[in-house]
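The values are calculated or read from the model by the stated rules, or taken from the named source; none is laboratory data. Since this is a predicted model, take the numbers as computed values, not measurements. Cβ placement follows ideal geometry from the backbone for every residue including glycine, while neighbour counts extend to all protein chains displayed. With ligands, DNA and RNA removed, areas are computed over all heavy atoms of the protein, side chains included. Shrake-Rupley method; radii C 1.70, N 1.55, O 1.52, S 1.80 Å.
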Amino acid sequence: MAKLITDDNHSELLKKFNASLLFDKELYAQDIKGSIAHANMLCSQNIINDDEYSQIKKGLLQIKNEIEKGVFNFTLEDEDIHMAIESRLIDIIGDSGKKLHTARSRNDQVALDFRMYCLEKQDEISLLLKDLIGSLLEISSKHTDTLLPGMTHLQHAQPINFSFHLLAYASMFKRDVDRCVSSNKRNNISPIGCAALAGTGYEIDREKTAKELGFDSISINCLDTVSDRDFALELLFNISTMAMHISRLCEELVNWSSYEFGFIKISDEFSTGSSIMPQKRNPDIPELLRAKTGRVNGNLLGLLTVMKSLPLAYNKDTQEDKEGVFDSVKTALSSLEILNALMNNITINKDKMKEATKIGHLSSTDLADFLVNSDNLAFRDAYHIIKKVVQYAEDKNIDVSQMSLEQLREVYPDMKKEALEYLSLEASMNRRVSKGGTATKECEEQIKYFKNWLKDS
Ligand code: ARG
């Protein structure tokens, strides 16, 4: 028989359901910082006196200490971190503590705390992204002439070098940093002082509080501000995009560490065995990293859905904004740290990479380009001739790059002997000197560009 919910159980269940304390205690530091700045402003506006302000500040700092030492008593009698800190403040300093909430509401308070959290975390993510880019550049600079097949459709296409491949990821992660920076610039706006929804009749100074908290400006419309969560959505989107980039790199690491590719070996520390197959080395870490995309995308969609159709202004629905963000932030920070370590724990098998360039007739485009120049052919005509050369090579079970002049002439009798220079895979890679191309020289330029950017940013 189903257990009946007694009244007591019922109210416990409700209390727990309604409360956010168990997760929003994550915001304690922002809440205390925001409260000190708010009290300071109240004092300079003569809304509270100096003595009250210093008691409030001292009490809040004591609470911070209690939380950090793990001795703060979190109880669901307090619905959220804001109530928990305020009621503890009143316990400690008495009546002065009751003045802290003058000219503010939990609505602008939570909007402030959560915004500060998102801004800070986005900066932390940027820093870790830059560390990762630094590692990619380090590895890149050692491989500007390490040949491997460049692919399109996961089919061998043209020879490139390993540096070029990693620099593509450096470009993605740089865009992720740029996105964090521009989001933070846009969202660096203080909500505090908006009060419940309509502003306040007290003579407050919002600019002063904003300045003390390091904001660039204050928000324009209080009704919007207390219910706006765009800043959190941007953070979630930025994390999702970054996680998608991480998943692409990790997918390659998984492929490259397989027998079929054999391009890299992941160190023992980052590989795992199988419980039944003694020979196995599984790339669990890059697999997990690529799978994290699922949860962060879920968190983004979750908050977009919470915000959809919400009437103005604050609604309790927005309490559901936090757990997904906390989860995405933790996932982003740990993923970046682990991916960075992983990149420094792979061994690159240059020979295997080079061997793989000898499959798939990677010199075909160069040979067609050669005919365009040597015989003044239109590219499309040259293309059709080389298509026949490829067919010939396939029939003979050799690679175009290995063909002799005689063999080339069997297909195209006018083939000049200089054509042989265009079969070299290394020369093919180094011929791609156009800006952003794969040539060693060009990759060195790209590395220089990213290094300068890291230095200046
Ligand atoms: N715990 C609430 C939240 O996270 C704080 C704001 C509550 N405001 C209110 N009027 N109930 O959104």
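Laid out as a table, the results:
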{"read-out": "Violating pairs (Cα-Cα greater than 32 angstrom) within the set 185/441; 350/396; 121/435", "value": "185/441; 121/435"}
{"read-out": "Rounded percent of accessible protein surface that carbon and sulfur make up, the stretch 234-273, 1.4 Å probe", "value": "54 percent"}
{"read-out": "Residue 218 long-range amide H proximity, modeled H, under 5 Å", "value": "190"}
{"read-out": "Pairwise centroid distance, computed over Cα atoms, of the stretch 362-401 with the stretch 133-154, Å", "value": "27 Å"}
{"read-out": "For the stretch 79-235, the fraction of alpha-carbon pairs in successive 10 Å shells from zero, as %", "value": "10, 26, 23, 15, 11, 10, 4, 0"}
{"read-out": "Within the chain: Cβ-based charge dipole about Cα centre, in debye rounded to nearest 20 (Lys, Arg +1; Asp, Glu -1)", "value": "780 debye"}
{"read-out": "Rounded D (µm²/s) - the stretch 203-341, Kirkwood Rh over Cα pairs, Stokes-Einstein at 37 °C, 0.692 mPa s", "value": "182 µm²/s"}
{"read-out": "Neighbour-limited loop hits for GluC sites (Glu not before Pro), the stretch 7-111 (at most 12 other Cβ within 10 Å; DSSP other than H, G, I, E, B)", "value": "77"}
{"read-out": "Kirkwood Rh in Å, taken over all unlike Cα pairs in the stretch 49-89", "value": "10.8 Å"}
{"read-out": "Accessible solvent surface per residue of the chain, calculated while the other protein chains remain in place, 1.4 angstrom probe, Å²", "value": "50 Å²"}
{"read-out": "Violating pairs (Cα-Cα greater than 23 angstrom) within the set 208/330; 174/448; 211/451; 292/352", "value": "208/330; 211/451; 292/352"}
{"read-out": "5 angstrom amide H check on residue 160, placed H, neighbours 5+ away", "value": "148, 150"}
{"read-out": "Rounded to 10°, Cα long-axis angle of helix 230-256 versus longest principal axis of the chain", "value": "30 degrees"}
{"read-out": "Förster-model FRET efficiency, 35 Å R0, residue 124 and residue 91, C-beta, rounded to 0.05", "value": "0.60"}
{"read-out": "Using θ = phi - 60° and Karplus 6.51 cos²θ - 1.76 cosθ + 1.60, couplings along the stretch 409-417 (whole Hz; Gly, Pro as x)", "value": "6, 5, 8, 9, x, 7, 4, 7, 5"}
{"read-out": "Cα-based equivalent ellipsoid of the chain: semi-axis lengths in Å, sorted from largest, via gyration tensor", "value": "61, 25, 19"}
{"read-out": "Karplus 3J(HN,Hα) series, Hz, for the stretch 48-60 with 6.51 cos²θ - 1.76 cosθ + 1.60 (x for Gly, Pro)", "value": "10, 9, 4, 5, 4, 4, 5, 5, 4, 4, 4, x, 5"}
{"read-out": "Neighbour cut-off at most 12 other Cβ (10 Å), DSSP loop, chymotrypsin sites (Phe, Trp or Tyr not before Pro), the stretch 169-255", "value": "none"}
{"read-out": "Computed label-point distance, nm, for sites residue 287 and residue 221 using a 7 Å Cα→Cβ extension", "value": "5.1 nm"}
{"read-out": "Per-residue HN-Hα couplings for the stretch 321-332 [Karplus 6.51, -1.76, 1.60; θ = phi - 60°; Hz; x = Gly/Pro]", "value": "7, 8, 4, x, 5, 4, 5, 5, 5, 4, 5, 5"}
{"read-out": "Projected-area average for the stretch 1-131 over all orientations - Cα convex hull basis, square nanometres", "value": "11.7 nm²"}
{"read-out": "Residue 377 long-range amide H proximity, modeled H, under 5 Å", "value": "372"}
{"read-out": "Average silhouette area of the stretch 323-457, convex hull of alpha-carbon atoms, in square nanometres", "value": "12.9 nm²"}
{"read-out": "Listed residues 422, 383, 392 arranged by accessible area, highest first, probe 1.4 Å", "value": "383, 422, 392"}
{"read-out": "Unit charges at the beta carbon, dipole of the chain: most positive-side option, 283, 220, 160", "value": "160"}
{"read-out": "Accessible surface of the stretch 1-125 [probe 1.4 Å, protein heavy atoms]: carbon and sulfur percent", "value": "50 percent"}
{"read-out": "The stretch 278-379 - convex hull of alpha carbons, volume per residue in Å³", "value": "247 Å³"}
